[in-house]
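Report on one structure; see the data block that follows.
Nothing in this text is a laboratory measurement; each read-out follows from the coordinates by a stated rule. If you're wondering where the values come from, they're calculated on a predicted model, not measured in any experiment. Neighbour counts are summed over all protein chains in view; Cβ atoms, including those assigned to glycine, are modelled from backbone coordinates with ideal geometry.
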Amino acid sequence: MELIEREQQIRLGRTHSEEDKALIGAGGYLSPVEHLWTDVLIAISLKKPVLLKGPTGAGKTKLAETVSQFFSQPVQSINCSVDLDAEALLGFKTIVLKDGMNEISFVEGPVIEAMKKGHILYIDEINMAKSETLPILHSVLDYRRMLTNPFTGEVIHAHPDFSVIAAINEGYIGTTPMNEALKNRFVSFSVPYISGDHLRKLWKELFPAAPKELHALMLNLANDLMEQVKQGLLSEEAASIRSLLYATELAQYMEPLRAINYAIAEKLEDEQEKKLVLELAASWIK
Ligand SMILES: Nc1ncnc2c1ncn2[C@@H]1O[C@H](COP(=O)(O)OP(=O)(O)O)[C@@H](O)[C@H]1O
Ligand SMILES: [Mg+2]
């Protein structure tokens, strides 16, 4: 894909400070469908803000980190909460001592730093933020790619590489539906849990030394969990890849059923669901 390669060449040609290099992601995302990964790269190459929608532990953060690695581009992260305010996004004024005099200086926040340095801005759980906070970003996210810093009056035009990736878990407790004007500025991708052969491949990569039986157990259980989620008998997070990963890690050192209990079943609210997970797991253990 010429567009992606061209953009990658440009970004690989940039130099970063040692401090910023530490913000480059490790990579490792496996795309559940081939074109999800390339389509995200196309959107990023075209400087379109990317919105990743998916349940917890689906690899949204991993996908953003892998984009960072692909472009060798540092990531500035923001975790949204109801407390998120303009200062957390843009930065704040502080008093510094310069030549024996007190002076007011502005400490740049993640948005401004990412815009100036051409980093990726990763906005996690964007629908957790209060709806009045994010409109500050409207001019950053649309074709203007600029911002007037309300604290200093400075007009900032984004570096050509500057990219935005946001993540949401729609319908999750504590979230509000995303404001239309904000959502409208994004290109939006559904990020499902990986399954089947992709999951097998990921487990091979992550647990090369684990016994075959453990691989088989976890992959079979993953299949069952996803099936039960589809049937509406389990809540979506029961099939979280993150939880399956934790269960596999624990199971290398304890009985798999206990590992599955701690990492998956115990985290579900509903007693029936807990029981179902353990029954499914037990059915694969000889
Ligand atoms: N498609 C995937 N490819 C690689 N790793 C994945 C994938 N999906 C989930 N994971 C792994 O599961 C864990 C949770 O992923 P994460 O990106 O933190 O999820 P999210 O941000 O969607 O909640 C991580 O350890 C991640 O490596
Ligand atoms: Mg995440």
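Numbers for the structure displayed
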quantity: FRET E, pair Asp83, Arg14, Förster distance 41 Å, beta-carbon r, rounded to 0.05; calculated: 0.75
quantity: Computed over the chain, the ratio Rg/Rh where both radii use C-alpha atoms and Rh is Kirkwood; calculated: 1.04
quantity: Among 48-59, 21-32, 95-106, the order from most to least packed when residues are scored by Cβ within 10 Å on average; calculated: 48-59, 21-32, 95-106
quantity: Mean ellipticity per residue at 222 nm, deg cm²/dmol - from DSSP H runs of n ≥ 4 across the chain, formula -39500 (n - 2.57); calculated: -12500 deg cm²/dmol
quantity: Net dipole in debye of the chain [+1 Lys, Arg Cβ; -1 Asp, Glu Cβ; about Cα centre; nearest 20]; calculated: 580
quantity: Rounded to 5, the percent of DSSP beta bridges in region 2-190 classed as antiparallel; calculated: 40
quantity: Coil-residue GluC sites (Glu not before Pro) of region 158-232, DSSP, other Cβ within 10 Å capped at 14; calculated: Glu170
quantity: Per-bin percent of Cα-Cα distances, region 142-286 [5 Å]; calculated: 2, 8, 15, 16, 14, 10, 9, 7, 7, 6, 5, 2, 0, 0
